[in-house]
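Rule-based calculations on the coordinates, nothing more; no lab input. Note that the structure is predicted; figures quoted are calculated from it, not measured. Because the Cβ atoms are built from the backbone with ideal geometry, glycine has one as well, and the counts that use them run over all protein chains shown.
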Amino acid sequence: MIVTIERLGHLGDGIGQGVFVSGALPGETVEGEVVQDRMAAPRIVTPSPDRVRPPCPHARGCGGCLLQHASDGFVADWKQEVVRSALAGQGIEAPFRPIAVSPPASRRRATLSARRTKGGALVGFHARQSGTIVAIPECKLLHPDLMAAMPALEALVKTGGSRSAELSLTVTRSLGGPDVAVTGGKPLDAGLRAALAQVAEAQALARLTWEGETIALRVPPAQPFGPARVVPPPSAFLQATAEGEAALLAAVRDAIGEARTVTDLFAGAGTFSLPLAAGAEVHAVEGDAAMMAALDRGWRQAPGLKRVTVETRDLFRRPLEPDELRRTEAVVIDPPRAGAEAQARALACAAVPVVAFVSCNPVTFARDALILMRGGYRLDWVQVVDQFRWSSHVELAARFSRPA
């Protein structure tokens, strides 16, 4: 079947004539077998001028990156348009700032798949739409420090993996070295604990967590949040790249301006709270008690910061109400992919002058933006941040203000 690609879907597949085509770009003519509305192995008949040679030798087989075949300019424009379209679906228009894109080899946190093999261990990403694991020795996505941790990950798989089960390894770059959390491995017993601890020591891991239990803590796996140093709980949320985090923080700072009191909702371990505390008193609210405790410790140990208070609270079930926000001059909100519908409704009734909204889901962001705007807020600008390079994932920051 011959298909002309009309557009990209939200997951990065080309779409034309009702067919989803992996690795195709708008304007291209492709040919291949279609099975259940999908062409998995297309032959490019007429290539797009935006098609480029993938920079990574693993691009053809690895599913870790989906858009290496497209030019940087095309991907940037497409991601901007994804956000514009989501807003347009709610009848919203807004000024857009230039996109901020993280460079190659900058991902500081990744979840890899692994399996013990007859000859050792296989660690990598899944192939596209497959359970097959692809080794990635020349990966162009991960930070060099994560690539340097591959021998350590392989040693962990050899020690605690089996040939019948797949392991999941979340590895995070920290100031103390690799911070590794493993699931899917063998059940822990005294012998396995000792063996894993030896691997962590020999491979200079900062921390090793196995099925939620900390096996080794050689060095605190601290993350720098402004002048503070925070040791998040294992597998805690962290922005994907340092460059992406910096771009989001810059946008948030620009949004709140000279606010002297800030409420940080879905604060995590302090990504925004602690840098902002250099100039403002901050009340940080988050549903995870361990992350709140880590944030509080980081603040207490950092010199020169203004007062930071923490509150563990489920903002989905118990959003902060307008009377609880009456003394704050700015709100920062960074919800998970589900968005913050309940909290947005409470904010829409509050008198907070400015809201800095960070989102990883343009669709739920557009829904929540409409709630705020119906409550009297104005959407001043949107800043798209691409820290998941070569993927379909989109981050953004935005400023809402309440006209005087």
Bridge type composition, segment 1-94 - antiparallel percent by DSSP, nearest 5:
85 percent
Which whole-Hz ³J(HN,Hα) couplings does segment 285-300 yield from phi under the Karplus relation 6.51 cos²θ - 1.76 cosθ + 1.60, θ = phi - 60°, glycine and proline marked x?
10, 7, x, 9, 5, 5, 5, 5, 5, 5, 4, 4, 4, x, 5, 5
Rounded to 5, percent antiparallel among DSSP beta bridges of segment 164-283:
65 percent
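Would you calculate, for the chain, the mean residue ellipticity at 222 nm contributed by helices, counting each DSSP H stretch of 4 or more residues as -39,500 (n - 2.57) and dividing by all residues, to the nearest 500? Mind dumping the intermediate values first?
Values: 9 runs with 99 residues, N = 404.
Result for the chain, helices only: -7500 deg cm²/dmol.
If you average 1/r across every pair of different Cα atoms in segment 223-274 and take the reciprocal, what Kirkwood value do you get, in Å?
Working: mean 1/r = 0.0839 Å⁻¹.
After inverting the pairwise mean of 1/r, the radius is 11.9 Å.
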List the GluC sites (Glu not before Pro) within segment 128-175 that fall in a DSSP loop (any state other than H, G, I, E or B) and whose Cβ has at most 11 other Cβ atoms within 10 Å.
E138
Could you give the length gained on full extension between V34 and R345, defined as 0.36 nm per residue of separation minus the Cα-Cα distance, in nm?
107.5 nm
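Given the Cα-Cα distance of M1 and A250 and 0.36 nm per residue of separation, how much length would full extension add, in nm?
Details: separation 249, 0.36 × 249 = 89.64 nm, distance 4.83 nm.
Net length gain for the segment: 84.8 nm.
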Modelled label-to-label distance, A290 and R313, 7 Å Cα→beta-carbon offset: nm?
2.3 nm
Under a Cβ-Cβ cut-off of 12 Å, what is the net charge of the residues other than G161 that fall near it, where Lys and Arg count +1 and Asp and Glu count -1?
+3
Under a plain spin-label model, where a point goes 7 Å from the Cα along Cα-to-Cβ, how far apart in nm are T132 and S401?
5.5 nm
Compute the distance in nm between two label points, each set 7 Å from the Cα along the Cα-to-Cβ direction, one at R337 and one at L175.
3.2 nm
So what's Rg/Rh here for segment 258-404, counting alpha carbon atoms and using the Kirkwood radius for Rh?
0.95
Convex hull per residue volume in Å³, alpha carbons only, for the chain:
148 Å³
Whole-Å distance linking the alpha carbon centroid of segment 90-105 with that of segment 174-234 is 35 Å
About the Cα centre of segment 218-275, what is the dipole size in debye to 20, counting +1 per Lys and Arg Cβ and -1 per Asp and Glu Cβ, all else neutral?
260 debye
So how far, in whole Å, is the C-alpha centre of segment 248-290 from the one of segment 308-339?
11 Å
Net charge around S359, counting only other residues with Cβ within less than 9 Å of its Cβ (Lys, Arg = +1; Asp, Glu = -1)?
-2
Using alpha carbon centroids, what distance separates segment 373-404 and segment 1-49, in Å?
31 Å
Could you list which residues have their amide H under 5 Å from that of H126, counting only those 5 or more apart in sequence or on another chain, with H placed in the peptide plane?
G63, S113, V134
³J(HN,Hα) across segment 396-403 via Karplus (A = 6.51, B = -1.76, C = 1.60, θ = phi - 60°), whole Hz, x for Gly/Pro?
7, 10, 8, 10, 10, 10, 9, x
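For segment 36-85, what is the charge dipole size about the Cα centre, in debye to the nearest 20, if Lys and Arg each add +1 at the Cβ and Asp and Glu each add -1 at the Cβ? Show your work: numbers first, answer last.
Numbers: 7 positive and 5 negative charges, 40 e Å.
That gives a dipole near 200 debye.
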What are the trypsin sites (Lys or Arg not before Pro) within segment 142-221 that DSSP puts in a loop, where the Cβ has at most 11 other Cβ atoms within 10 Å?
R163
